[in-house]
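No lab work stands behind these numbers, since they all come straight from the coordinates. Nothing here was measured: the structure is a model prediction, and the numbers come from that model. Glycine gets a Cβ as well: all are built from the backbone with ideal geometry, and neighbour counts include every protein chain shown.
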Amino acid sequence: MTEPMVSFENVTKRYGTLTVLDNLNLTIGRGEKVAIIGPSGSGKTTVLRMLMTLETIDGGVIRVEGEPLTHMERGGKLVPADQAHIRKVRAKIGMVFQSFNLFPHMTALQNCIEAPMKVLGLSREKAEARAMDLLDMVGMANRRDYYPSQLSGGQQQRVAIARALAMRPKVMLFDEVTSALDPELVGEVLQVIRKLGAEHDLTMLMVTHQMGFAKEFADRVCFFHSGRICEEGEPQAFFTNPQNERSRQFLRAVLEAG
Amino acid sequence: MGLRGLAGLLALTIATIWYLSGLEDYRIFVPGLAQGAAMTVQITAAAAVLAVTAALVAALLKLYGPAPLRWLAVTYIEIFRGTSALVQLFWLYFVLPVFGITLEAYTAAVIGIGLNIGAYGAEVVRGAIVAVPRGQWEATVALNMSRAQALRRIILPQAFAAMIPPWGNLFIELLKTTALVSMITLGDLAFRAQQMNQTTMKTVQIFTLVLLIYLAMSLVITIAMRLLERRAGRGILRARAA
Amino acid sequence: MWDWGFALEILPTLAKAAIVTVQVTLLGFLIALSLGLALAAARIMQPWTAVPISLAVELIRSTPLLIQIFFLYFVGPSFGLTLDAMTAGILAIGLHYAAYCSEVYRAGFESVPRGQWEASVALNLGRWTTLRDIIIPQAIPPVVPALGNYLVALFKETPLLSAIAVMELMQSAKIIGSQTFRYNEPITLVGLFFLVMSLASAWAIRRVEAGINRRYRR
């Protein structure tokens, strides 16, 4: 069996006395598409943020392609990683945020070439060529010179996806990427993610409230509750016949809300 | 006041200065006051450069510096904000020689005023950096940028737009503070005014002209900063409003 | 370099001068507070005053306090207004900060929702009554910290009065310096006095601010 792309091993996260994630074990295979669902406060977003190193962890290890992310091996022991190590491993991961977080003082194109030029050291021509390919894929090539403030939420999120992809990550994290959008704009963003899944061999982790999309798109669904994975499995099975009482309650509530 | 109003007020002020300068009673003061005004402009410009530099360095050290440098920045900011500008000038000019450092009046003036305004500016810079939304930092992490890259390319450019209006006020304060250098014998506008006042006793004429000249200088600063604000605001401020 | 004996010797003289500094500060700020409020209120109650008031405020804020002090002190007599140095100084400093305070009050007034005026009209309250009983009580608490900051700023500008020989701290230190040729101790002590007072006030303002935020959270 090939090495998993990402693995969480006994990962614990606390805020003060509140345990957000309790001894999490989760393994994600190469190219796998995992949807993380659950009620708010269940710790699902924290999973993505820890993997992106936006949150520290209080226990356990996260590995990316077998290499520890927040730790490094020294003399057979794991010690907390230094910045250089974190940046090396982190380069494999990209993230798209709920609130887009585009750089407001840069155009769509500038947003997409900034990190490739400064971090990867690409030439401007190369970075622009790569960015234009991606902007084209997300249907934003004709808005390359627009500032974020001149774009709709859906358009901003599509640029944000292109921006993340421009770093050529192996794992893409989507953190409630449609939650801040007006309902009529959700479709265009999901369409881009669908296309991405079909055309690229990316590992994807998404926290989402779009149950329909999770069911259709994901290879696996993880249902989080109170900092633990309550149930996981194939979407078809999970959505039609959830085993856990909490999952059933959650799905019923979500379906009732429409 | 709008940009038009300010420009109108500036035109009116300059016209009044021009008109008064032609009058018999005022004419004799013009050369002396012009010299003083030149000195005021020179000190203002030099101190402004120092103030911006000191503010940036102190703010960055206070936010991101290692502990000893952070304390140094905090001490600098608190001391210069906590004591009077005049006391600082006197200290630099009269007390420093006791420690073997003798500064010329001009040097003491530029350093004293520059560091004084710089201390206030440091808080402006710090506030503007802190006000950049957290998501912007997170995006730079997700794009694997280093902290230095993030600060230089993403955070500071956004903070810059927010800094301009308070810096406009600080530059006005700076200009006004330069009047204090007359008290360490430097021949600025305020100094010339007092000197001529003592010899001629034409108090009304002299101080009316002097007030108008300072007003004109302040207006130039305000208008320049408004124009800068308008330029820098493109893209960013619209995004904030949305 | 630093002579403790000398420092101790001049301390009583400086302490006496510190009282003058505090007097100037309090009286000046009293003028600033009341005149500033009057200006801000006038702009609301008599809209035609807005332009002349904002011009005057702009003029005062754009020119150095030192020149304004000279102006009042030296120019006054030409108009038959002869003031002693202390009065001229307090007046100048009060006027200067009244301009700043009026802008603070104005921001406070603007932060009161329009609905408060409309509700007062609906209750048939007079405009002055509305201002006094409804608007001002809501407008002042949020701006108390800003006013406090100007109190500290005013305090730190009182050394300017030494330019017209008011016997406050700085003047006293200068005189000691010129008599003894020792500037180190007097000026450093004055600096320390201002530093301690400013830090203490900043702390007090933060406390007041926190208290206000708790009580008037909107």
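If you go through the stretch A:93-106 and pick out every residue that is under 12 Å from the mean Cα position of the chain (by Cα) and more than 19 Å from A:His209 (Cβ to Cβ), you end up with 2. Of all the residues in the stretch B:54-66, those that are assigned to a helix (DSSP H, G or I) and out of contact with any helix residue (DSSP H, G or I) (no Cβ under 7 Å at 6 or more places or on another chain) number 3.
So that you can scan it fast, the table gives a plain yes or no per residue for (1) within 8 Å of chain B (Cβ to nearest Cβ); (2) surrounded by fewer than 20 Cβ atoms within 10 Å (Cβ to Cβ); (3) in a helix (DSSP H, G or I):
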{"site": "C:Phe155", "(1), (2), (3)": "no, no, yes"}
{"site": "C:Gln171", "(1), (2), (3)": "no, no, yes"}
{"site": "C:Gln179", "(1), (2), (3)": "no, yes, yes"}
{"site": "C:Arg182", "(1), (2), (3)": "no, yes, no"}
{"site": "C:Pro186", "(1), (2), (3)": "no, no, yes"}
{"site": "C:Leu195", "(1), (2), (3)": "yes, yes, yes"}
{"site": "C:Ser198", "(1), (2), (3)": "yes, no, yes"}
{"site": "C:Ala204", "(1), (2), (3)": "no, yes, yes"}
{"site": "C:Ile212", "(1), (2), (3)": "no, yes, yes"}
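Within the stretch C:1-29, residues that are farther than 18 Å from C:Val166 by Cβ reach partners that are assigned to a loop (DSSP other than H, G, I, E, B) with beta carbons closer than 9 Å, at six or more positions or on different chains, in the pairs C:Asp3/C:Arg182; C:Phe6/C:Arg182; C:Glu9/C:Asp3; C:Ile10/C:Arg182.
Okay, residues lined up against (1) hydroxyl-bearing (Ser, Thr, Tyr); (2) farther than 22 Å from A:Val186 by Cα; (3) touching an Asp or Glu at 6+ places or on another chain (Cβ under 7 Å):
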residue: A:Gly212; (1), (2), (3): no, no, no
residue: A:Glu216; (1), (2), (3): no, no, no
residue: A:Val221; (1), (2), (3): no, no, yes
residue: A:Arg228; (1), (2), (3): no, yes, yes
residue: A:Glu232; (1), (2), (3): no, yes, no
residue: A:Ala237; (1), (2), (3): no, yes, no
residue: A:Asn241; (1), (2), (3): no, yes, no
residue: A:Arg246; (1), (2), (3): no, yes, no
residue: A:Arg252; (1), (2), (3): no, yes, no
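The residues of the stretch B:128-139 that are among the small types (Gly, Ala, Ser), more than 9 Å from every other protein chain (Cβ to nearest Cβ) and surrounded by fewer than 21 Cβ atoms within 10 Å (Cβ to Cβ) amount to a single one, B:Ala131. Of the residues examined, B:Phe99 is one that is aromatic (Phe, Trp, Tyr), free of Cβ contacts under 8 Å to residues at least 12 places away in the same chain and within 20 Å of C:Ala173 (Cα to Cα). Quick check, is B:Val124 within 11 Å of another protein chain (Cβ to nearest Cβ) and either of a type outside the set (Lys, Arg) or assigned to a helix (DSSP H, G or I) (or both)? Here the answer is no, as B:Val124 does not meet what is asked.
Here C:Leu55 passes the criteria (1) within 13 Å of another protein chain (Cβ to nearest Cβ); (2) surrounded by fewer than 19 Cβ atoms within 10 Å (Cβ to Cβ); (3) in contact (Cβ under 8 Å) with a residue 40 or more places away in the chain except the one numbered (3). Here B:Met225 meets each of (1) at the interface with another protein chain (Cβ under 10 Å from one of its Cβ atoms); (2) touching a residue at least 60 places away in the same chain (Cβ under 8 Å) with one exception, condition (1).
Would you say A:Phe174 is in contact with a strand residue (DSSP E or B) (Cβ under 6 Å, 6 or more places away or on another chain) and of a type in the set (Phe, Trp, Tyr)?
Yes: the conditions hold for A:Phe174.
Say whether the condition of being of a type outside the set (Gly, Ala, Ser) and touching a residue at least 60 places away in the same chain (Cβ under 8 Å) is met by at least one residue in the stretch A:117-133. Scanning the stretch A:117-133 turns up no residue that is of a type outside the set (Gly, Ala, Ser) and touching a residue at least 60 places away in the same chain (Cβ under 8 Å).
Residues considered: B:Thr200, B:Thr178, B:Thr185, B:Thr208. Of these, the only one that is at the interface with another protein chain (Cβ under 10 Å from one of its Cβ atoms) and surrounded by fewer than 23 Cβ atoms within 10 Å (Cβ to Cβ) is B:Thr208. Just one residue in the set B:Ala142, B:Ala122 is under 17 Å from B:Ala51 (Cβ atoms), out of contact with any Lys or Arg (no Cβ under 6 Å at 6 or more places or on another chain) and surrounded by 21 or more Cβ atoms within 10 Å (Cβ to Cβ); that residue is B:Ala122.
Residue-wise test of (1) assigned to a helix (DSSP H, G or I); (2) crowded, with 18+ Cβ neighbours inside 10 Å.
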{"residue": "C:Cys101", "(1), (2)": "yes, yes"}
{"residue": "C:Ala107", "(1), (2)": "yes, no"}
{"residue": "C:Glu110", "(1), (2)": "yes, no"}
{"residue": "C:Glu118", "(1), (2)": "yes, no"}
{"residue": "C:Leu125", "(1), (2)": "no, no"}
{"residue": "C:Asp133", "(1), (2)": "yes, no"}
{"residue": "C:Leu151", "(1), (2)": "yes, yes"}
{"residue": "C:Thr158", "(1), (2)": "yes, yes"}
{"residue": "C:Val166", "(1), (2)": "no, yes"}
